[in-house]
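What follows draws every value from the coordinates through simple rules; no lab data is involved. Computed from a predicted model, the values in this text were never measured in an experiment. Backbone-built Cβ (ideal geometry, glycine too); neighbour counts: all protein chains shown.
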Ligand SMILES: [Zn+2]
Ligand SMILES: [Zn+2]
């Protein structure tokens, strides 16, 4: 089969690789669509996982149902929860599989083959059937939507809350959509790229976008929120964004760190202490949050297909990665049709 693999720093190549074979256990699917995730862009920039097939946001049609032969048939539309929990560690035993201590051992598209390919072999208990009301394109959005849902859950956003989102990439904009559904009365976004800022306003989930490079940003946010935000969802993972959020929160405000940065990020601890700011990290989502995202999409509570701006074939993936990392694009989600 054809697949896109990491070939070096900022380099991908289309290569011929072995098609997964039926083994009576794994569910083999023909990939219909797969999303390009921000974490894929990071791995591409690092370029150290040579040969890896990325892709963990995907759906397709069953080619071989494997262990699910009694419940799933050939041709069924499915998606896959891209987790590989061990089921044995202390976190898994408490149901917190998103923090499985062995979770990265063979994580789809991260440390094990993903779905930037024509076929994919899925762990049976991670397979989810897709209802007709969820399109293939939408199905690629379940995973990032679940990431944003968890952030909004952990933030505890309630009707009437004022929410700041730093970073208007796909996760930031999905956080805004969920925050609105959760009842936030005022949602501000800080974003450095004017094209993404414009896109966020077009999408309509935020009340106002602020220029992340504005020297008076904090003052403007404090004024706009009339005394500080209840919660901040930090999706940029850079020091200016984190510190802006700390300064713009109200006394006892809460910040959820959603964005990932592999390097040290210095923060203003003084204000965090003086204002008793609560800071909490989030990683991934629980299976329940994944299933809730799918259900809410099926019920049209959250509309995610509107964030997708382009679809490319396997030959177009390298170009799509360059586009998404250019810093000068309104694109926040590009998907692949292998
Ligand atoms: Zn993802
Ligand atoms: Zn585990």
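Listing for the model above:
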quantity	calculated
Separation between Cα centres of the range 233-310 and the range 10-46, rounded to whole Å	27 Å
Exposure proxy order (Cβ contacts within 10 Å, fewest to most) of 86, 175	86, 175
Computed [θ] at 222 nm, deg cm²/dmol, the chain (DSSP H ≥ 4; -39,500 (n - 2.57); rounded to nearest 500)	-8000 deg cm²/dmol
Relative exposure of 56, 275, 42, judged by other C-beta atoms within 10 Å (fewest first)	42, 275, 56
Distance from the range 64-92 to the range 104-118 (C-alpha centre basis), Å	14 Å
Degrees, to the nearest 10: 287-298 long Cα axis against longest axis of the chain	90 degrees
At q = 0.13, 0.17 Å⁻¹, base-10 log of I(q)/I(0) for the range 145-281 (Debye sum, equal scatterers on each alpha carbon)	-0.44, -0.79
Relative contact order, percent, the chain [alpha-carbon distance under 8 Å, six or more residues apart]	18 percent
Square roots of 5 times each gyration tensor eigenvalue, C-alpha, the chain, largest first, Å	35, 21, 19
